[in-house]
Structures are given as structure tokens and as C-alpha cells.
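Structure record follows, encoded as C-alpha cells.
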Amino acid sequence: MIIACGGIKGGVGKTTIATNLAIIRAASGADVLLLDADDQETSSDFTIVRNETLADKGGAGYTSVKLHGAAVRTDTLKLSSKYDDIIIDVGGRDTAGQRAALSVAHVYIVPFLPASFDVWSLEKVGTLVQEAIAFNPDLRAYCLLNRADAQGRDNEEAIEVADGIEGLTYLQALVGNRKAFRSASAQGLAVTELKPVDPKAVAEIMALYDSIFSISN
Ligand SMILES: Nc1ncnc2c1ncn2[C@@H]1O[C@H](COP(=O)(O)OP(=O)(O)O)[C@@H](O)[C@H]1O
Ligand SMILES: [Mg+2]
């Protein structure tokens, strides 16, 4: 399956979700390619740290490559038969790479935050998805609440608006704002590998993982 974590906002958790999904998928025995399509190369930097952390345990466990622009489409298509799953970490802007990812993905996940909730950007992404579906009819596009507040009305208000965005389906599996995600990323780990374990963070990412990998076309 080809999964892209995208959207046109930075700092919403695209790389966090892409890297966690890649690691968990690879740990299940799949041959996974993590494709870094962001100029900022955060997921490639993450993989460098991961390879250092796990140097004596066989390294990252997945393959990582950087690609930009139209190559995100052409090379993903070329590589798709060589891997069980390809996870694309897209930059937070409307770029050729973003559109290329939309043109090849089976599943496109757009994280959004409750606080600085930006309806306009989700609407714009919804429009990009609708355009992409014309030539990629298999595309399934979802938005996902990340860094959800532990309490308060912000989550519900954001979800209500997200639910009404054309082109994006609201994915129920939300991910809370948890320090464990930052601590794990800083060490090149998925939250499932972090010690001490944060059981709530693990349960959330596993629920997200299960819902994404059970999507079929
Ligand atoms: N669920 C979460 N809980 C806490 N911190 C998070 C969570 N998701 C992401 N972050 C942190 O937010 C920042 C931005 O996340 P990142 O995945 O790099 O976003 P993007 O790739 O969309 O720019 C990072 O410091 C990351 O560790
Ligand atoms: Mg990123």
C-alpha cells in the first residue's frame, strides 16, 4: 500500500505519523520504504538518528530515500513492486511533490491540530484531493486530529469543522498531545519502542495503524 502523510501546513505531525507508521509496519515483517518528499528532510534526519540508536540492532529496519517534485510519482511507481508498503512524508506546502504524492497514494492522511485550527488550509487540501481523484480514482483521503487536547472544547470544534470538509473523510483515530511522541522522535524511535512506555500513546498510534492498514480499495 502507498500511504502519504500530507497537507499544506507544517508542524502538524506529518513526519511523526509517517515515521511511526513506517517503523510499526516494518516491525510486523513488511518490507517498507519511507520516502522523504520534504525539502526540510526531517524524516531522513530522523532515520540518521535511528540508524545511530539501533546501530548494533540492525539499523532502522526500513529503507529511506529522498525524492522531490515529479520524481515522487515516477520513482514511487517504479519502486512500488519492490516494497510491500511505501510511506511518503510530504512537505507542508502545495508543491509538485505534494501533487505527485496525491497522484500515486492509495491512502492520504492529513493531520490537523485543535488549537491553531486552520479550516482554509484543510479546504484547500480537500480541493487538491478532489482534483487528484480524477486521475487517481483509488485515492482515499482522510484528515486526522493530532496533538488532541486532553480536555476542553477545542477538539470537538475542530472535528466538527473537519467533518464537513469536502474531499477529506474525518478519521476517528485521534492522537493526543503526548510528550512520548517527542521523546521517541528525538531518539529515532517509534512511540511503541520508547522506554518507559506511555501506554496511551501506544494505544493511540496502534489504533491509527490498524485503521489505516485495514483500509482497502
Ligand atoms: N501527538 C504528538 N504529541 C506531542 N508532540 C507531537 C505530536 N505529534 C507531533 N509532535 C511534535 O510536533 C512537532 C511537529 O511535528 P512534525 O511531525 O515534525 O510535523 P510536520 O511533519 O507536519 O511538520 C515536532 O516537534 C513533533 O515532535
Ligand atoms: Mg515534516
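The values are calculated or read from the model by the stated rules, or taken from the named source; none is laboratory data. Keep in mind it's a predicted model, so treat the numbers as computed, not measured. Neighbour counts are summed over all protein chains in view; Cβ atoms, including those assigned to glycine, are modelled from backbone coordinates with ideal geometry. Note: areas computed on protein heavy atoms with side chains; ligands, DNA, RNA excluded. Shrake-Rupley method; radii C 1.70, N 1.55, O 1.52, S 1.80 Å.
Of note:
- Label zone (residue 214, point 7 Å along Cα-to-C-beta; backbone nitrogen cut-off 15 Å) within the range 166-202: 171-174.
- Looking at the range 2-213, the accessible area is 44 square angstrom per residue; that uses a 1.4 Å probe and ignores ligands, DNA and RNA.
- Residue-count net charge about residue 127 - beta-carbon cut-off 13 Å; Lys, Arg +1, Asp, Glu -1: -2
- Amide H contacts of residue 66 (H built 1.01 Å from N, under 5 Å, at least 5 apart or other chain): 36
- On the chain, 51 percent of the accessible area sits on carbon and sulfur atoms, based on a 1.4 Å probe.
- Cross-link reach list, lysines versus residue 82, counting only Cα pairs under 22 Å and skipping chain neighbours closer than eight places: 66
- Taking max minus min of the alpha-carbon positions on each principal axis, the range 2-213 gives extents of 48, 43, 27 Å, largest first.
- Exposed loop sites are taken as trypsin sites (Lys or Arg not before Pro) in a DSSP loop (any state but H, G, I, E or B) with at most 11 other beta carbon atoms within 10 Å; the longest stretch of the chain without one runs 1-81.
- Summed over qualifying helices (DSSP H, 4 residues or more, each -39500 (n - 2.57)) and divided by its residue number, the chain shows a 222 nm mean residue ellipticity of -13000 deg cm²/dmol.
- Environment charge of residue 149, counting only residues whose C-beta is closer than 12 Å and scoring Lys/Arg +1, Asp/Glu -1: 0
- For residue 195, the lysines whose Cα comes closer than 18 Å to its Cα, not counting residues fewer than 8 places off in the same chain, are 57, 179.
- The residues packed around residue 50, meaning those with a beta-carbon under 11 Å from its beta-carbon, carry a net charge of -2 if Lys and Arg are +1 and Asp and Glu are -1.
- Gain upon complete extension [residue 207, residue 81; 0.36 nm per residue less C-alpha separation]: 42.7 nm
- Pairwise Cα distances in the range 55-170 exceed 17 Å for 60 percent of all pairs.
- In this calculation the C-beta distance from residue 149 to residue 186 is compared with R0 = 30 Å, giving a FRET efficiency of 0.85.
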